[in-house]
Amino acid sequence: MVNQEKIKEAVKLLLEGIGEDLNREGLVETPDRIARMYEEICGGMEESAKEHLSKTFTVDNDEMVLEKDIVFYSMCEHHLMPFYGKAHIAYIPDGKVVGLSKLARTVEVFAKRLQIQEQMTGQIADAMMEHLAPRGVMVVVEAEHLCMTMRGIKKPGSKTVSIATRGMFEGNDELQNRFFQMLNM
Ligand code: ZN
């Protein structure tokens, strides 16, 4: 559980640290607002992908399913700054599929916490393999990191792309190419 009192204290210290006046009108409510905001931003820590991925439907069709352009917002754990973009998830069912909204929910579980993009990409793929047990999964995440574009090397609009493959997708160029073809349709 998020400890709101600790966050409030930390934000006060941060504001003092940058030389701000805690009693300035615009800042009086800020520690409280940020504490409540973190409850939501880090809400994924309280959730499990299992509850979303275990509601499945039986199908005969074992062709690739691609859910693309799943918009997400997360927080870089190195700078506590947002990174955001789109996740694309493909899987090859093994007799069962999951409701499409559940894939978006799964992305949220892992996005709503302090993250590293590459790690999040792998966690989504692993959760799919563990709870849905398809024949293969491929996850591609493209995101802009504010810690890169707002500060440091400042390359606005530059994106980081990460990829994770599991099961049949691993080392299978043909399937991976099909993923990208479907992505660009
Ligand atoms: Zn960062």
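The values are calculated or read from the model by the stated rules, or taken from the named source; none is laboratory data. Everything quoted here is computed from the prediction, not taken from an experiment. Glycine also receives a Cβ, built like all others from the backbone with ideal geometry; neighbour counts cover every protein chain displayed.
A few comments on the model shown:
- Some residue of segment 96-103 being surrounded by fewer than 18 Cβ atoms within 10 Å (Cβ to Cβ), basic (Lys, Arg) and either farther than 17 Å from Phe179 by Cβ or at pLDDT 95 or above (or both): yes
- Restricting segment 74-112 to residues that are within 16 Å of the ligand (Cβ to nearest atom) and within 19 Å of Ala164 (Cα to Cα) leaves a set whose member that is nearest to the chain's Cα centre (by Cα) is Ala111.
- Exclusive hit being without any contact (Cβ under 8 Å) to a residue 40 or more places away in the chain, touching a helix residue (DSSP H, G or I) at 6+ places or on another chain (Cβ under 9 Å), closer than 18 Å to Leu100 by Cβ and surrounded by fewer than 16 Cβ atoms within 10 Å (Cβ to Cβ), set Glu51, Glu9: Glu51
- Residues of segment 110-134 that are outside any helix (DSSP H, G or I) and under 14 Å from Gly85 (Cα atoms): Lys112, Gln115, Ile116.
- Each residue in segment 48-104 was checked for being on the phi < 0 side of the Ramachandran plot and in a loop (DSSP other than H, G, I, E, B), and 15 pass.
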